[in-house]
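The values are calculated or read from the model by the stated rules, or taken from the named source; none is laboratory data. Treat the numbers as computed from the prediction; the structure is a model and nothing was measured. When we count neighbours, we look across all protein chains shown, and the Cβ atoms used for this are built from the backbone with ideal geometry, even at glycine. Calculation scope for accessible area: heavy atoms of the full protein, side chains included, ligands and nucleic acids excluded. Shrake-Rupley method; radii C 1.70, N 1.55, O 1.52, S 1.80 Å.
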Amino acid sequence: MLKLKTVIAAAALATVTATALGTTPALAQEQARDELVIGVSQFPQGFHPNLASHVVLSLINGMTRRPFTVYDADWKLICMLCETLPSRAAGTIRDWTTPDGEDGLEVDYVIRPGATWGDGVPVTTKDVAFTWAIGRDETAGINNQELYRRMEKIVAHDDSRFTIFWNKRTCNAEAINDFELVPAHLEAEAATDPAAYRTRNAYDTNPTRAGLYFGPYRIARVEPGATITLEPNPTWWGKKPAFKRITVRTIENTAALEANLLSGEIDYIAGEDGISLDQALAFEKRHGDRFNVVFKPGLFYEHVDLRLDNPILENLRVRRALLHAINRAAISAHLFEGKQPVADTFVHPLDAVHTDNVRKYPFDPDTARTLLDEAGWTDIRKGIRHNAVGEPLRLEIMTTAGNRVRELVEQVIQSNLREVGVDLRIRNQPARVLFGQTIRQREFPGMAMFAWFSTPENIPRTTMHSSMIPTAENGWSGQNYTGYSNPVMDEAIDRVEVECGAEAQTRHWTTIQQNYAEQLPVLPLYFRANAFVMPQWLSGVTPTGHQYPSTLWIENWKAK
């Protein structure tokens, strides 16, 4: 507990530093209001919408692309690239039987009229067919390969109308949020060798090529690791955006990010990837007269992934002991003023499928010690536990370097675990390295702390199903970084996707959450509330509270 107080004192010191920086003369009001500079704390590790997966890339894609379907700020599914949502009532969702005799569905879509790539080439079903074909090839390593496995075939009726034949009769077949189109006329050549597509695709070799984008903006300039400049897309078919230029500037140190806002080097800190809640709370108290600070609770889940093939962490008693030893309630209370509640599983209480009927892990060091004794870590030398052959109970935790709040939380966890005899070592990396390779290729040796952000009622297939463990053989696709393999979890995930009745949905969602809490492949920490720090002259920004960013409605943003 003493060390926890020391950590919180460190937070206070950082706040004083930020206050001093806040005396720098503000320049924001001197900037032209037809340009906007957005500050973020990380730089995307790639630009391909189906190969990279990153919060900042999601922000960029919100300005440069449009998904077929998406959840809006009211958490309702809507069409963006399609004309209307398919439905059984309209006859655009129909039962279908696969060649193997399985229950499937056929679902009709129409591409919105006027949809055009940035080089003037229309968005057509040729792009639909190409995206599907490269996604079906496992050697290409496309994200969410399960989506493509389930698309048995796609039939194009003309340039705008097509039908997807699903080989499963799922409950939400109309939602194709992750079916991100790429331009066939630009990408087909790079995809002739699917195994080399990851390194040859134009998004990563020439990201300023106009024809890669079809949103209100396109990427005009990239300074790797630092800035991404966007300019209006002249072929955009929708409402004309207000800003002539948007710059997304990466400042990995979140205290420096705040200082840059105060000095006017940036205009706005994006809530999806900006400063932490504790920083935002302090910032609002000091500078609330100059900026609008909007706190948006939502589906952002901070957690610690565990490598389950680590000889120490494969023991369930150890995993439970770790969670009992971490004082998550104190972290929430002292660092976040209680605004970021402790998580029991990955399902947020705001989500309709949430259940509270799961195993809980209150802060209880004595229980943690008992569990570690039972796991064989009984020999304590200089405060560190050892097993029967003299090996120390030593683990390593990794997170994003420069993210102040995560580094503080890491130190609290390290202090808490030391109290029960666990030697936790910290080794952080820049976000582009951590997410670009270390986590994606499961190179973290023990523990990795980061956040998932998701959609409402998001089935955890990519993160929890045993078929989604990234390997070299599957091109490192899938997001089951812990390596979790549990038949109960697999069956519940398989069933919740296809058994659509209310009673079945409740039963399977309960099983998923209970299994997660019982087996602890992941240590749940807390649910984040994101802080959007905006200049008072900026209007039109509507935080969503889920995976799909506010930038998907960038054409509504303007200077007052």
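Brief remarks follow.
- Check on residue 107, in a helix (DSSP H, G or I), of a type in the set (A, V, I, L, M, F, W, C) and either modelled with pLDDT of 90 or more or open to solvent by 10 Å² or more (accessible area, probe 1.4 Å) (or both): no
- Region 448-481, subset touching a Lys or Arg at 6+ places or on another chain (Cβ under 7 Å) and at pLDDT 95 or above, residue most open to solvent (accessible area, probe 1.4 Å): 481
- Taking each residue of region 304-328 that is open to solvent by 10 Å² or more (accessible area, probe 1.4 Å) and looking for partners that are assigned to a loop (DSSP other than H, G, I, E, B) and charged (D, E, K, R) with beta-carbon atoms closer than 8 Å, six or more apart or interchain, yields 307/442; 308/314; 324/364.
- Taking every residue in region 189-216 that is within 20 Å of residue 136 (Cβ to Cβ) and pairing it with any residue that is aliphatic (A, V, I, L, M) and part of a loop (DSSP other than H, G, I, E, B), at least 6 positions away or on another chain, the pairs with Cβ-Cβ distances below 6 Å are 198/51.
- Matching option when the condition is farther than 22 Å from residue 529 by Cβ, over 29 Å from the mean Cα position of the chain (by Cα) and basic (Lys, Arg), among 381, 425: 381
- Any hit, region 318-328, residues being farther than 17 Å from residue 421 by Cβ, touching a Ser or Thr at 6+ places or on another chain (Cβ under 6 Å) and of a type in the set (D, E, K, R): no
- If you go through region 253-271 and keep only what is buried (at least 24 other Cβ atoms within 10 Å of the Cβ), part of a helix (DSSP H, G or I) and either touching a strand residue (DSSP E or B) at 6+ places or on another chain (Cβ under 7 Å) or without any contact (Cβ under 8 Å) to a residue 60 or more places away in the chain (or both), you end up with 257, 261, 271.
- Residue match in region 231-251 (condition: assigned to a helix (DSSP H, G or I), open to solvent by less than 40 Å² (accessible area, probe 1.4 Å), small (Gly, Ala, Ser) and at pLDDT 90 or above): no
- Residue match in region 255-267 (condition: of a type in the set (Ser, Thr, Tyr) and under 26 Å from residue 75 (Cα atoms)): no
- Any chance residue 431 is touching a strand residue (DSSP E or B) at 6+ places or on another chain (Cβ under 9 Å) and either of a type in the set (A, V, I, L, M, F, W, C) or touching a residue at least 40 places away in the same chain (Cβ under 8 Å) (or both): yes
- One residue stands out among those in region 329-354 that are open to solvent by 50 Å² or more (accessible area, probe 1.4 Å) and of a type in the set (A, V, I, L, M): the one that is nearest to residue 280 (Cα to Cα), which is 333.
- Qualifying residue in region 116-126 (condition: outside any helix (DSSP H, G or I), surrounded by fewer than 22 Cβ atoms within 10 Å (Cβ to Cβ), among the polar types (S, T, N, Q) and in contact with a Pro (Cβ under 6 Å, 6 or more places away or on another chain)): yes
- Screening region 493-537 for residues that are part of a helix (DSSP H, G or I) and of a type in the set (A, V, I, L, M, F, W, C) and picking the one that is most open to solvent (accessible area, probe 1.4 Å) gives 502.
- Contact map, region 227-250: first residue among the acidic types (Asp, Glu), second residue part of a loop (DSSP other than H, G, I, E, B), Cβ cut-off under 8 Å, separation 6 or more or different chains; pairs are 231/244.
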